[in-house]
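The values are calculated or read from the model by the stated rules, or taken from the named source; none is laboratory data. What you are looking at is a predicted structure, and each value in this text was computed from that prediction instead of being measured. We place every Cβ from the backbone using ideal geometry, glycine too, and count neighbours over all the protein chains shown. In case anyone asks, the SASA skips ligands and DNA or RNA and just uses the protein heavy atoms, side chains included. Shrake-Rupley method; radii C 1.70, N 1.55, O 1.52, S 1.80 Å.
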Amino acid sequence: MKHRIAIFASGNGSNFEAIVNAVERGELDCEVALCVCDKPGAYVLERAANHKVPTLVFKAKDYPSKRDFEKMIADRLDSLKVELVCLAGYMRIIGDELLSRYGGRIINIHPALLPAFPGAHAIRDAFEYGVKVYGVTIHHVNEEVDGGRIIRQAAVPYDGDDIDEVEALIHQTEHRLFPEAIKDYFKSK
Ligand code: GRF
């Protein structure tokens, strides 16, 4: 039986689409059961519609607390029997409710070689530092931000001075690495 995954994203969704494409090409034995998005109008929702992936869209401020919207999300994940949550540019820190119900079953993509350059501006931080080897990390999510066990990493060598160029190279690597890491995750089960 196909593994059921959910993908969380807040914006553009190019990683969302890379995973869906890998599924559609038969490279991943998965079904994308749900796209969770906290930004109504985000481009990822158009991508989800194009690929006929169901969506759950919410605004955090419509809920009294993070626990409340995470409970709503976890209930939906439960009802869809989701086995793995993939954070693909979801710009929120996962809270106790999701961690307690989906702990060990949440992975995240980060555009740097962790533990270097954690946080929300990793590419810019690495660029401003002047690194020559950038990278991508896929890791398990725990209570420590960008701190869980690493599943896969890839280096992205770049010695130029154009941040758009390095960003494009990092994204290309992300799109290859995320499907590979999902495969690794299920292989290790
Ligand atoms: C990616 O660079 C990812 O590493 C980071 O957010 C970005 C999302 O890009 N967490 P996209 O929305 O998948 O295009």
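Computed quantities for the displayed model
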read-out: Residue-by-residue Karplus 3J(HN,Hα) for the range 29-41, coefficients 6.51, -1.76, 1.60, Hz, glycine and proline x; value: 8, 9, 10, 7, 7, 6, 10, 9, 9, 9, 10, x, x
read-out: Under Karplus coefficients 6.51, -1.76 and 1.60, residue-wise ³J(HN,Hα) of the range 8-16 in Hz, glycine/proline x; value: 9, 8, 10, x, 5, x, 5, 6, 3
read-out: Length released on extending from residue 164 to residue 100, taking residue separation times 0.36 nm less the Cα-Cα span; value: 19.2 nm
read-out: Accessible area of the range 1-86 belonging to carbon and sulfur atoms, whole % at 1.4 Å probe; value: 50 percent
read-out: Under-5 Å amide H pairs with residue 30, H placed in peptide plane, nonlocal only; value: 3
read-out: Amide H contacts of residue 89 (H built 1.01 Å from N, under 5 Å, at least 5 apart or other chain); value: 109
read-out: Relative contact order computed over the range 1-103 (Cα-Cα under 8 Å; 6+ residues apart), in percent; value: 37 percent
read-out: Residue 27 paired with residue 121, simple spin-label distance in nm, labels 7 Å along Cα-to-beta-carbon; value: 3.3 nm
read-out: Amide H partners (placed H, <5 Å) of residue 36, local residues excluded; value: 7, 8, 9, 56
read-out: Between helix 66-79 and the chain: long-axis angle, C-alpha atoms, 0 to 90°, nearest 10; value: 70 degrees
read-out: Rough spin-label spacing in nm, given labels placed 7 Å along Cα→Cβ, for residue 58 and residue 72; value: 0.5 nm
read-out: Exposure of residue 24 as accessible area (Å², to 10), given a probe of 1.4 Å and all protein chains; value: 110 Å²
read-out: Overall dimensions of the range 13-165 as given by Cα atoms, namely Rg and Dmax in Å; value: 16.4, 48
read-out: Degrees between helix 163-187 axis and first principal axis of the chain (Cα, 0 to 90, nearest 10); value: 50 degrees
read-out: Only Lys, Arg (+1) and Asp, Glu (-1) charged, at Cβ; the chain dipole about Cα centre in debye; value: 800 debye
read-out: DSSP bridge orientation in the chain - percent antiparallel, rounded to nearest 5; value: 40 percent
read-out: Distance in nm between pseudo-label sites at residue 80 and residue 12 (7 Å out along the Cβ direction from Cα); value: 2.3 nm
